[in-house]
1. Evaluate the following for residue 51: is it in contact with a strand residue (DSSP E or B) (Cβ under 6 Å, 6 or more places away or on another chain), closer than 14 Å to residue 7 by Cβ and either modelled with pLDDT under 95 or part of a helix (DSSP H, G or I) (or both)?
2. Among the listed residues 36, 70, 59, 75, which satisfies the condition of being under 19 Å from residue 117 (Cα atoms), touching a strand residue (DSSP E or B) at 6+ places or on another chain (Cβ under 7 Å) and surrounded by fewer than 17 Cβ atoms within 10 Å (Cβ to Cβ)?
3. Condition first: in contact with a strand residue (DSSP E or B) (Cβ under 6 Å, 6 or more places away or on another chain) and either part of a helix (DSSP H, G or I) or surrounded by 16 or more Cβ atoms within 10 Å (Cβ to Cβ) (or both). Now tell me which residues in region 111-126 satisfy that.
4. Can you pull out the residues in region 99-110 that are surrounded by fewer than 17 Cβ atoms within 10 Å (Cβ to Cβ) and modelled with pLDDT under 85?
5. Being farther than 21 Å from residue 73 by Cα and in contact with a strand residue (DSSP E or B) (Cβ under 7 Å, 6 or more places away or on another chain) is the filter here, so list the residues in region 20-33 that pass it.
6. Looking at region 19-35 only, could you name the residues that are over 13 Å from the mean Cα position of the chain (by Cα) and either closer than 16 Å to residue 130 by Cβ or outside any helix (DSSP H, G or I) (or both)?
7. Say we look at region 9-18 and pick out the residues that are in contact with a helix residue (DSSP H, G or I) (Cβ under 9 Å, 6 or more places away or on another chain) and part of a helix (DSSP H, G or I); which of these is surrounded by the most Cβ atoms within 10 Å (Cβ to Cβ)?
8. Those residues that are outside any loop (DSSP other than H, G, I, E, B), in contact with a helix residue (DSSP H, G or I) (Cβ under 9 Å, 6 or more places away or on another chain) and free of Cβ contacts under 8 Å to residues at least 40 places away in the same chain, I need them from region 57-99; list them, please.
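The values are calculated or read from the model by the stated rules, or taken from the named source; none is laboratory data. Keep in mind the model is a prediction, meaning the values are calculated, not measured. Note that each Cβ is placed from the backbone with ideal geometry, even for glycine, and that neighbours are counted across all protein chains shown.
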């Protein structure tokens, strides 16, 4: 796996100020890797939602960013980790409109739609890790047959 200068980072998420740093780092890293403006915005939006979830629901944690190289293109992998209460019902938490703290309920499901790869590991009482990856080139869509 190759890395790009200035892309790898581990940033704390302990306050609203840290959310700003996360968004700035993700935007700069995506630009360095060659993401177009629309894809940068999608990735920053997903990162913002996940970082806020880490702070609000997990009590804080960290984001790790890493450049990755796929078969067709470079990408950016982001991992959001907390040691909070975990997610008791992951399927429900991924459902649009579900909220446990009075928000809009678009965080996890919305973030999942904005990236190419999405994975969640959560254990009640232990914490949650959300890993997302986006590529500079969109994967080909399956051909539709008529």
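1. no
2. Answer to the selection: 70.
3. Selection gives 112, 115, 116, 118, 120, 122.
4. 99, 100, 101, 102, 103, 104, 105, 106
5. 21, 22
6. So the first thing to find is which residues in region 19-35 are over 13 Å from the mean Cα position of the chain (by Cα), and the list is 20-21, 24, 28-29, 31-35.
Result: 34, 35.
7. Among those residues, the one meeting the criterion is 18.
8. Those that are outside any loop (DSSP other than H, G, I, E, B), in contact with a helix residue (DSSP H, G or I) (Cβ under 9 Å, 6 or more places away or on another chain) and free of Cβ contacts under 8 Å to residues at least 40 places away in the same chain: 90, 93.
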